[in-house]
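Here the structure comes first, spelled out in structure tokens, and everything after it is commentary.
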Amino acid sequence: MPCLNSSPTLGLSPLHRVVSVSLGSKTGNRTCEVNFANNRFQLERIGTDGNLAALADTIASLDGHCQAIGIGGAELDYVCNGRKYPLPQIRKAASMASRSIVVDGNRYKAVIERQFVHDLQNEGIVDFLLGRTLMMCGVDRSGVVAALRELEFDVTYGDIPFSIGLPMSFAKHGQFDIVTALTLPLISRIPISWLYPTGKKQLERKPRYGRLFRKARVIVGDWHAIQRFAPNDLSGKTILTNSLRKRDIDWLAKTRVDRVITLCPTIEGESFGANLYEAMLVAAIGKALPEITDFELLACAQSFGWKPSVVIS
């Protein structure tokens with residue numbers, strides 16, 4: 001099924017402008033133009049160094065000047081077991097846009113990343129049966145969690161140690177479900193900077209909980225969390241992540257990691273956050289995200305030829 005609003009055979013579509021506005025560091029800013037299945041995109045990533053006011057102001061300045069805005073370094077809602085827990089600070093910033101569509105990457109993670117995990121297993125690229133998978137934050141990767149449950153693979157949830165700093169991980173889905181149901185109503189109201197590195201903190205290394213990494217064969221999660229907490233030696237590990245820049249790939253090569261795979265296509269050798277890919281799909285389909293079915297979202301990604309990208313093997 002082709003994307004809605006895709007261009008006719010003879011010629012390209014109008015240029016879709018898509019911008020990711022992130023609470024992350026400005027050092028990751030970049031712009032580029034890409035073409036997927038005759039859909040042309042002008043992409044831009046703007047960091048705000050963890051400044052919520054700057055996030056809101058930037059969204060306001062972009063409103064009506066691009067088709068879709070992705071919010072990076074934060075989410076509009078935490079999503080777990082089909083329930084949404086809104087983040088008031090982020091939703092307030094997103095409300096500054098009334099003409100451009102604002103997304104946060106959660107649907108991309110729930111639909112596209114879920115399918116990608118199945119594809120990696122079915123195509124023999126990653127055999128999750130060979131060892132335990134460490135989820136850096138299950139709340140942040142609903143689609144991966146769903147796929148691992150469907151495939152009945154061993155998982156360790158690192159939400160509590162890596163987000164809150166308490167040495168309490170879970171190896172059972174039921175435990176994860178109970179803890180998230182009890183804590184997310186409160187955690188969703190805590191400032192995002194208390195739970196997730198923003199701005200220049202994303203560049204700081206603070207290795208911890210090495211035992212969780214040692215026991216895992218596959219590590220899945222946000223790149224900034226992995227880079228912040230992972231040990232220097234990642235021998236024999238496979239990492240599934242996003243938002244990898246060339247400097248990150250160079251650092252990973254020094255860790256002797258076995259493989260690194262992004263759950264998104266690479267663009268000029270690098271990858272963005274899920275929010276930008278979701279914004280691209282929304283811009284191409286031409287409807288607000290709530291009006292887009294999971295089938296349409298996945299079909300559009302497939303028509304673009306999007307697959308996981310092996311960047312180190």
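A short reminder: the numbers here are calculations on the coordinates, not readings from a lab. Only a predicted model underlies this, so the values are computations on that prediction, with no experimental measurement involved. With ideal geometry, Cβ positions are generated from the backbone for all residues, glycine too; neighbour counts draw on all protein chains shown.
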Quiz item: If r is the Cβ-Cβ distance from residue 186 to residue 51 and R0 is 25 Å, what FRET efficiency results, to the nearest 0.05?
Solution: 0.55
Self-check item: Cβ-placed point charges (K, R +1; D, E -1), dipole of the chain about Cα centre in debye, nearest 20
Solution: 900 debye
Quiz item: Considering only the other residues whose Cβ falls under 10 Å of the Cβ of residue 147, what net charge follows from Lys and Arg at +1 and Asp and Glu at -1?
Solution: 0
Quiz prompt | Within the stretch 256-297, backbone nitrogen closer than 15 Å to the virtual label 7 Å beyond the Cα of residue 150 toward Cβ | solution = 294-297
Exercise. Quick one: check the C-alpha center-to-center distance for the stretch 140-180 versus the stretch 188-242, whole angstrom.
Key: 14 Å
Practice problem: Quick one: what are the phi-derived ³J(HN,Hα) couplings along the stretch 52-67, Karplus 6.51/-1.76/1.60 with θ = phi - 60°, whole Hz, x for glycine and proline? | Solution: 5, 5, 5, 4, 5, 5, 5, 4, 4, 5, 8, 4, x, 9, 8, 6
Quiz prompt | Among beta bridges that DSSP assigns inside the chain, antiparallel share in %, nearest 5 | solution = 35 percent
Quiz item: Given the pairs 92/201; 246/287; 26/254; 206/307; 26/109; 201/246, which span a C-alpha to C-alpha distance of over 27 angstrom in this model?
Solution: 246/287; 206/307
Practice problem: Please sort by residue number the trypsin sites (Lys or Arg not before Pro) in the stretch 75-156 whose DSSP state is loop and whose Cβ has at most 13 other Cβ atoms within 10 Å. | Solution: 99
Quiz item: Over what distance in Å are the Cα centres of the stretch 46-104 and the stretch 245-312 separated?
Solution: 19 Å
Quiz item: Residues with beta-carbon under 13 Å from that of residue 298, excluding residue 298: net charge, scoring Lys, Arg +1 and Asp, Glu -1?
Solution: -1
Practice problem: May I ask you to list the aspartates and glutamates whose Cα is less than 15 Å away from that of residue 84, ignoring any residue fewer than eight positions away on the same chain? | Solution: 75, 104, 140, 177
Practice problem: Place a +1 charge on the Cβ of each Lys and Arg in the stretch 77-173 and a -1 charge on the Cβ of each Asp and Glu, then give the dipole magnitude about the Cα centre in debye, rounded to the nearest 20. | Solution: 600 debye
Quiz item: Restricting the count to DSSP beta bridges whose residues both fall in the stretch 109-262, what percent are antiparallel, rounded to a multiple of 5?
Solution: 10 percent
Quiz prompt | Residues residue 208 and residue 247, FRET efficiency given R0 of 35 Å [Cβ-Cβ distance, rounded to 0.05] | solution = 0.95
Quiz item: With charges set only on the Cβ (+1 for Lys and Arg, -1 for Asp and Glu), what does the dipole of the stretch 109-262 come to about its Cα centre, in debye to the nearest 20?
Solution: 740 debye
Exercise. Of the options 162, 24, 290, report the single residue whose Cα projects farthest towards the positive end of the charge dipole of the chain (beta-carbon charges: Lys, Arg +1; Asp, Glu -1).
Key: 162
